[in-house]
Amino acid sequence: MQLIHRASALTLALVSPVLAVQASERADLNGYLEGGYEHDSNLTVDELNSASGESDEAWVYDAGLEAVLKPAERLNLTLGYSASGSRYRTFDRFDQDIHLASADLSYDFDPVTVGASYHYSRATLGSDPFLDYRRGSVYLGSLLGENVYLLVSLQDKGKDFEDSDARDSDIRGASLDAFFFFNQARSHVLFGLDGDWEDAEADAYDNRLVRVRLALVHKFVLGGEDNRFRLGWRYEDREYDEVIISSSDPLLTDPLTGDLAERTSSQRADKAAIFEASWRIGLNDVFSLEPSISHGNHTSNVDSADYDRTVAGVTLRAGF
């Protein structure tokens, strides 16, 4: 399940300079329908930091609407809604649906754009309610020269799990994104840096996260149709406040000292490196085909969070 990553990606899209330019010219309504099939080598619920070790195939779907409005000359309002999900062939307990609603309001002071965004998402897992997630942010964006756009934001986020109150949390976050445009602004390189401080109901889930993101997005024409190639990488370093205590040799347990001499403690730490690649192949003005693949290497001193995962699939998309 990629609920939080999907929400973050949508927020970046809402405040991107490309949409800002579109909104400054006209009111617009965009939408898309998407369906496909994917193979997952290790079924995982990311929000629980746990992998099953099982592989499966799934039908996936995604649909969304976005309205870009212009109430005043320098004021832009973007409203969005999307629904996505998957249906697995064997392990239906991993079936998911995600509903995501968003709003973004920005004002162009030239050369600085000031804005605020909010979105709310609700996810089900195995047809049961699973997680409500909210994310509000304020941001500043500015175009430096002709080819560099900087975006700085502060976020207030929250997670509310249906069956695990201990994991419910409030999160304070900050991010920096730098877009480097080329190819007459049809392509760009993105560098992103995120920091989150999560305060959960149970102290064991309190953590600090640092994330680095890199992406290359290249748009080009092939066979008379628009194509988009994306190559991405992100690295996450998460440290928990929880201290893990383990015994080096349980046979040496001393009933009087409680095995203090043989116990070691360490702070829980999770790291992840994820590579992604996709190619949206234009078929005509409406339809496109998009094969994609991602591979993640997750390391942790907690066994359930130490795993590798590869997801590969292909989707057919209709945009309007």
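The values are calculated or read from the model by the stated rules, or taken from the named source; none is laboratory data. This one's a predicted model, so the numbers in the text were calculated from it and none came from an experiment. Quick reminder, even Gly has a Cβ in these numbers, built from the backbone with ideal geometry, and neighbours come from all protein chains shown. Accessible surface is based on the protein model in full, side chains and every heavy atom, while ligands, DNA and RNA are left aside. Shrake-Rupley method; radii C 1.70, N 1.55, O 1.52, S 1.80 Å.
Summary of values
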quantity: Mean shadow area of region 144-221, taken as a quarter of the surface of its Cα convex hull (nm²); calculated: 7.0
quantity: Extension gain, residue 63 back to residue 226 (0.36 nm per residue minus Cα-Cα distance, nm); calculated: 56.6 nm
quantity: In Hz, Karplus ³J(HN,Hα) per residue of region 78-83 (6.51, -1.76, 1.60; θ = phi - 60°; x = Gly, Pro); calculated: 10, 10, x, 8, 9, 9
quantity: In Å, descending, principal axis extents of the Cα set of region 108-254; calculated: 72, 35, 35
quantity: Local electrostatic count, residue 139, Cβ distance below 11 Å [Lys/Arg +1, Asp/Glu -1]; calculated: -2
quantity: Near-label residues of region 164-207 by backbone N, under 18 Å of a point 7 Å along Cα→Cβ of residue 30; calculated: 179-182, 184-190
quantity: Region 91-232 - percent of accessible surface contributed by carbon and sulfur, probe 1.4 Å; calculated: 58
quantity: Segment residue 312-residue 70, extension gain: residue separation times 0.36 nm, minus the distance between their alpha carbons; calculated: 83.2 nm
quantity: Charge context of residue 282, other residues only, Cβ under 15 angstrom, K/R +1, D/E -1; calculated: +1
quantity: Per-selection Rg to Rh, region 46-111 - Cα, Kirkwood hydrodynamic radius; calculated: 1.24
quantity: Karplus (6.51, -1.76, 1.60) ³J(HN,Hα), θ = phi - 60°, over region 166-174, in Hz, Gly and Pro reported as x; calculated: 4, 8, 4, 8, 10, 10, 10, x, 9
quantity: Bins of 10 Å, starting at 0 and running to the largest distance - Cα pair percent for region 91-135; calculated: 25, 32, 22, 14, 8, 1
